[in-house]
1. Restricting to region 84-114, name every residue that is more than 24 Å from Glu159 (Cβ to Cβ) and either without any contact (Cβ under 8 Å) to a residue 40 or more places away in the chain or in contact with a strand residue (DSSP E or B) (Cβ under 6 Å, 6 or more places away or on another chain) (or both).
2. Suppose the filter is of a type in the set (Asp, Glu) and either closer than 25 Å to Gly51 by Cα or surrounded by fewer than 19 Cβ atoms within 10 Å (Cβ to Cβ) (or both); does Asp141 pass it?
3. Regarding region 166-178, can at least one residue be identified that is modelled with pLDDT under 85 and small (Gly, Ala, Ser)?
4. Pick from region 83-135 the residues that are touching an Asp or Glu at 6+ places or on another chain (Cβ under 7 Å), surrounded by fewer than 18 Cβ atoms within 10 Å (Cβ to Cβ) and not aliphatic (A, V, I, L, M): which of them is nearest to Lys149 (Cα to Cα)?
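The values are calculated or read from the model by the stated rules, or taken from the named source; none is laboratory data. Source: prediction; values computed, not measured. Reconstructed Cβ throughout: ideal geometry from the backbone, glycine too, with neighbour counts over all protein chains shown.
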Amino acid sequence: MVDYISDAKIIEIIDSIYGTMTGDTDWAMVTDQISQLVPFSSVVMHGYDRGLNHCRLEISGSLDAEHAESYLNHYHTISPWIDIHNNQKSGTIYTSAELHIDLPRDHAEFFNDWVLPAGKGAGTAIKLFGQADYTETLNFDYTFGTDDKYGPVVVRMLETLRPHLQRALDIKRNLDILGGGQSKFHSMLQHLHTPALLLTADGRVEWMNTIATDAVRQKRGIRLDCKGKLLLDCATDCDRLAKLVHDASIRS
């Protein structure tokens, strides 16, 4: 039974999560690291566009490529999890046991033709992002009937990883939206030999160069709170920073 995941393992995963912002790692590496912590599990980064009826998956663990392909081609259209994910608030962590889903009775085709052959029937998920027709979740799928064995430790791990997962996705999404002209500016900041960060008017980090990312990972004087706001170790410095950001936002 898995009942504990070491702080060292969690820190490794957090490092990889923030590495997705700079290109040092990718989400496939993140899901692979997580899947190794829970035996017989599959970890899936699941994106769904309702308008296009299109799924995007990053899968690690014990789910083969052919089975994943069948989900993309058909079974996502009859999966009860699509609506469940859409109906959750961003940041919510939820388990199949809590939702009392009766797959054999209410979703027989999905259960008999996809869930059983995959050997999965229990799960825990966190909704990382939801806007208009698009939803992004991180899902753990494990053997049917093992909710009590794996669910609690997965929930505790996701509670720890939640702010880091959401912030990394937010920053990456903003960078993708900005694109174009911003890329040259970011490239210039990457070449600085000092931490460089772009902040919103309320002090949340929109982007940071590699040196700043390393400083946050290693807690060298700067860190992010659960909302992605930049914090400094010294309370006086935090107050000064808040005033500087406020003044700059008024002038801009």
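1. Asp102, Leu103, Pro104, Arg105, Asp106, His107, Ala108, Glu109, Phe110, Phe111, Asn112, Asp113
2. no
3. Checked region 166-178: no residue is modelled with pLDDT under 85 and small (Gly, Ala, Ser).
4. Result: Phe129.
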